[in-house]
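Rule-based calculations on the coordinates, nothing more; no lab input. Because the structure is a prediction, the values reported are computed rather than measured. Note: ideal-geometry Cβ built from the backbone for every residue, glycine included; neighbour counts use all protein chains shown.
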Amino acid sequence: MIELEGLTKHYGDKVAVDHLTFTVRPGMVTGFLGPNGAGKSTTMRMMLDLDNPTSGTVRIDGRHYRQLKDPLTSIGALLEAKAVHGGRSAANHLLCLAQSNGIPRGRVAEVLDTVGLSTVAKKRSKGFSLGMSQRLGIAAALLGDPQVLLFDEPVNGLDPEGIHWIRNLMKNLAAQGRTVFVSSHLMSEMALTAEHLIVIGQGRLMADTSMKDFIHQNSRSYVRMRSPQQEKLLDLLHDEGIDAVAVGNGSLEIDGVPADRLGELAARHQLVLHELSPQQASLEEAFMRLTAESVEYHAHDGDPVPAQAGARPPGEPQPAGARPGEPQPTGWGADWQKKRS
């Protein structure tokens with residue numbers, strides 16, 4: 001179990017983490033979500049005593065990380081896949097970690113096999129792709145057979161098979177009663193993996209709830225109905241006191257009424273239905289809605305990039321020797337350019 005109480009981190013005037021209090025419980029995968037700059041990585045670093053909090057505490061099974069004897073046997077973490085000495089082989093990297101934490105040598109081969117790196121165990125890690133480095137980082141996290149695991153963006157660089165593998169690995173670890181805490185920006189993957197969510201924005205806690213409740217609370221749910229007898233269906237719904245909104249392609253959208261009730265109502269009146277489907281937003285849509293006011297770095301779609309000073313409009317001839325889009329020379333440079341041309 002991971003317990004945060006009033007966790008706060010300041011960098012000068014910048015508040016990176018703002019009085020976070022939550023608990024990550026064993027037996028389930030807990031997802032950690034937030035926009036870029038929300039404070040997720042800083043929070044995870046403070047969990048591992050890599051950064052000191054300005055105030056507040058973090059406890060791993062009741063103790064601070066610095067109090068853990070042989071910490072890899074209590075908590076395993078993947079924060080930065082490339083944080084490996086490039087001159088060491090995969091096996092030697094893990095062996096050094098094992099020896100520093102009193103872990104048997106034979107465990108190295110076991111975790112290399114688990115992550116699928118047995119065939120490259122003797123190769124130097126500097127030649128590894130990002131996906132291979134991720135697997136090596138996961139092997140290091142598993143090395144001490146810990147009860148608590150932290151993964152920061154574990155699917156980065158993995159191919160589809162690797163993503164499927166890490167998803168099932170995290171679920172299996174949680175099913176064994178371990179505490180699994182994972183941060184990711186891939187909402188579709190998080191929706192398939194996590195059962196519980198911690199969401200932060202601008203360093204503050206925004207949600208601490210189950211995946212199902214998070215989507216329900218932060219999105220609109222409705223039922224879509226489509227019938228070749230739309231006018232009769234609309235009249236029927238109106239008579240029953242049910243509000244329906246006609247949308248494109250002949251569909252109706254109904255809020256607040258279960259799909260089974262609507263289907264039974266249509267059947268009793270012998271109305272043909274071509275569609276009766278409950279609709280609910282995705283995790284991504286719910287997340288975007290909740291965190292819309294907490295996004296620190298805003299990009300813009302379709303806005304033209306301002307032309308550089310002195311650049312001519314597209315299609316207008318450029319002076320000799322100039323590259324398209326480059327600022328035109330002025331002063332002495334302009335005179336020199338004229339003489340050269």
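Take every Cα pair under 8 Å whose residues are at least 6 apart in sequence, average their separation, divide by the length of the chain, and the relative contact order is 19 percent. Modelled spin labels at S277 and L186, positioned 7 Å past Cα toward Cβ, are 2.5 nm from each other.
Estimated from the Cβ-Cβ distance and a Förster radius of 45 angstrom, the FRET efficiency linking Q230 and N168 is about 0.50. Only beta bridges with both residues in segment 2-216 are counted; by DSSP, about 55 percent of them are antiparallel. Listing M46, M211 from fewest to most neighbouring C-beta atoms within 10 Å gives M211, M46. Would you mind checking the pairs K40/K122; K9/K82; K82/K123; K171/K212 and listing those with alpha carbons more than 23 angstrom apart? Going by Cα-Cα distance, K40/K122; K9/K82 fall outside the 23 Å limit.
Give the distance, in whole Å, between the Cα centre of segment 54-126 and the Cα centre of segment 229-296. So the two Cα centres are separated by 51 Å.
What the Cβ-Cβ distance of R204 and A175 gives, at R0 = 22 Å and to the nearest 0.05, is a FRET efficiency of 0.10.
In terms of the mean number of neighbouring beta-carbon atoms within 10 Å, the peptides 113-125, 246-258, 192-204 order highest first as 192-204, 113-125, 246-258. The ranking of M170, M47 from fewest to most other beta carbons within 10 Å of each one's beta carbon is M170, M47. What separates the Cα centres of segment 150-164 and segment 1-50 is a distance of 21 Å. Relative to the current alpha-carbon distance between L48 and K123, full extension at 0.36 nm per residue lengthens the span by 24.1 nm.
By the count of other C-beta atoms within 10 Å, a proxy for reagent exposure, Y11, Y65 are ordered fewest to most as Y11, Y65. Rounded to 0.05, the FRET efficiency of the R25 and L130 pair, given R0 = 22 Å and the Cβ-Cβ distance, is 0.10.
In this simple spin-label approximation, T57 and N249 carry label points 7 Å from Cα along the Cα→Cβ vector, and these lie 5.6 nm apart.
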